[in-house]
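These notes are about the structure you will find just below.
The values are calculated or read from the model by the stated rules, or taken from the named source; none is laboratory data. Predicted, not measured: the structure shown is a model, and the values here were computed from it. Heads up, the Cβs are rebuilt from the backbone with ideal geometry, glycines too, and the neighbour counts pull from every protein chain shown. In case anyone asks, the SASA skips ligands and DNA or RNA and just uses the protein heavy atoms, side chains included. Shrake-Rupley method; radii C 1.70, N 1.55, O 1.52, S 1.80 Å.
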Amino acid sequence: MKFKKLALIICAALMLTACGSTGQQSSDDPNDVISSDSVSTTSTTEETDMNTETAYKATEENVKLLGRTYFDIDRLYCALSGTGFEFTFTGIKCTIEVIGDSNSASEASADNHARVGIYVNGERVIDDMVDHSEEVYTVFESDEPREVTVSFVKLSESPMSTIAVTDIKVTGSPIQPTPDKDKLIEFIGDSITCGYGADDPDKDHNFSTKTEDVTKAYAYKTAQALDADYSMVSFSGYGIISGYSDGEKKVSAQTVPKFYTKLGYSWATHGLFAPSDVDWDFSKRQPDVIVINLGTNDDSYTLTHKDRQEEYCAAYTEFLKKVRENNPDAKIVCALGVMTDRLFPYVEQAVENYTAETGDSNISTLKFDVQQASDGYSADWHPSITTHDKTAAKLTEYLKTIM
């Protein structure tokens, strides 16, 4: 799984059609001024020298930004699942320099290190845990110039760890952002959306970022199937009114609504930088569709308590108002059911209440099928790859009818 700091791509593989990972054109801080800091050196001749190395910053002028990212001073911060960037160039070499957070060099935090995937022409060539304060990945090397698409994707979620990308160095032509897809889908969810345990088909194992992979989860797969850009706002164990609970105590600190308008959340830090301190700029690119899949963790607290279920319903309605306020034109789909569907009637009621109160009918519900033992499980009874595939197929067909 792990290819440390080196990926040698043979010429046959490099002839593949560039496809890469899809992603959202995210926004940099509106106060940033991109000047010569974006590119260390630039070619002044009409024909690029293929033997000259040039260093670039991961700004929206140079790369397509995936998900909610944030560029500050000289680096691009990636926190949430699926965040990263994508670009094309023609040349003979590419390296990417990454800085880890306060978790990165800690042996005690081995199961919480950030996991990253780097792709060349759609093939994953680097799969690594960022377990040093600095990492330099040789993504691509060739004796002859080749046209390649490079995609950098954070595979793990934000609460455990974040990363920052400082330099993209290429020997060849200037890098260019890949074009936006026609549609953008935002997914708001929990561990199911994050791909918790996707690489660990043992239900008796516990959480580790080593086995978490957002690209193997239903949301990412749905975006791929629809050839759409994506943005994930998801945290394992989080809900609408409560995070995962023992059934007695409400875990109100682990709720998605409190972080929805932020870059993310992480208990590990990058110096003074914390994603929860950064307000997300909704004015850039608005999603065409928003899929909300929250309630699995709430159910561990609400159980069959009517008053708690009604509290969930009321809070869900209020969360819909916040989502709509920041995304005035998006279609909203409220889904639930992969691991439990007990709260789905309250999702439906929340949507009915919201529409009755606001008059907004650009919203619908979708009940996912509950996972089956015959399809297997991943760590901590999470969905297997087979279940994710089935869920993605159902969601894809539904979105085709409303997009």
Test: Thr83 is in contact (Cβ under 8 Å) with a residue 12 or more places away in the chain and either open to solvent by 30 Å² or more (accessible area, probe 1.4 Å) or under 21 Å from Pro159 (Cα atoms) (or both): yes
Near pairs, Cβ below 9 angstrom, 6+ apart or cross-chain, from segment 347-360 (over 21 Å from Ile241 (Cα atoms)) to any residue that is of a type in the set (Ser, Thr, Tyr): Asp360/Tyr354
Boolean, Ser283 is over 17 Å from the mean Cα position of the chain (by Cα), of a type in the set (S, T, N, Q) and either part of a strand (DSSP E or B) or surrounded by 15 or more Cβ atoms within 10 Å (Cβ to Cβ) (or both): no
Qualifying residues in segment 151-166 (those that are touching a Phe, Trp or Tyr at 6+ places or on another chain (Cβ under 6 Å) and within 14 Å of Lys64 (Cα to Cα)) - the one surrounded by the most Cβ atoms within 10 Å (Cβ to Cβ): Phe152
Residue match in segment 368-376 (condition: β-branched (Val, Ile, Thr), at pLDDT 95 or above and farther than 21 Å from Gly237 by Cα): no
Answer residue from segment 265-280, given it is touching a residue at least 24 places away in the same chain (Cβ under 8 Å) and in contact with a strand residue (DSSP E or B) (Cβ under 8 Å, 6 or more places away or on another chain) and is surrounded by the most Cβ atoms within 10 Å (Cβ to Cβ) among those: Pro275
Enumeration of residues in segment 286-307 that are assigned to a helix (DSSP H, G or I) and either among the aromatic types (Phe, Trp, Tyr) or in contact (Cβ under 8 Å) with a residue 40 or more places away in the chain (or both): Thr296, Asn297, Asp298, Asp299, Ser300, Tyr301, Thr302
Single unsatisfied condition, Arg115 versus (1) touching a strand residue (DSSP E or B) at 6+ places or on another chain (Cβ under 9 Å); (2) open to solvent by 30 Å² or more (accessible area, probe 1.4 Å); (3) charged (D, E, K, R): (2)
Odd one out for Ile185 among (1) in contact with a Pro (Cβ under 7 Å, 6 or more places away or on another chain); (2) hydrophobic (A, V, I, L, M, F, W, C); (3) surrounded by fewer than 21 Cβ atoms within 10 Å (Cβ to Cβ): (3)
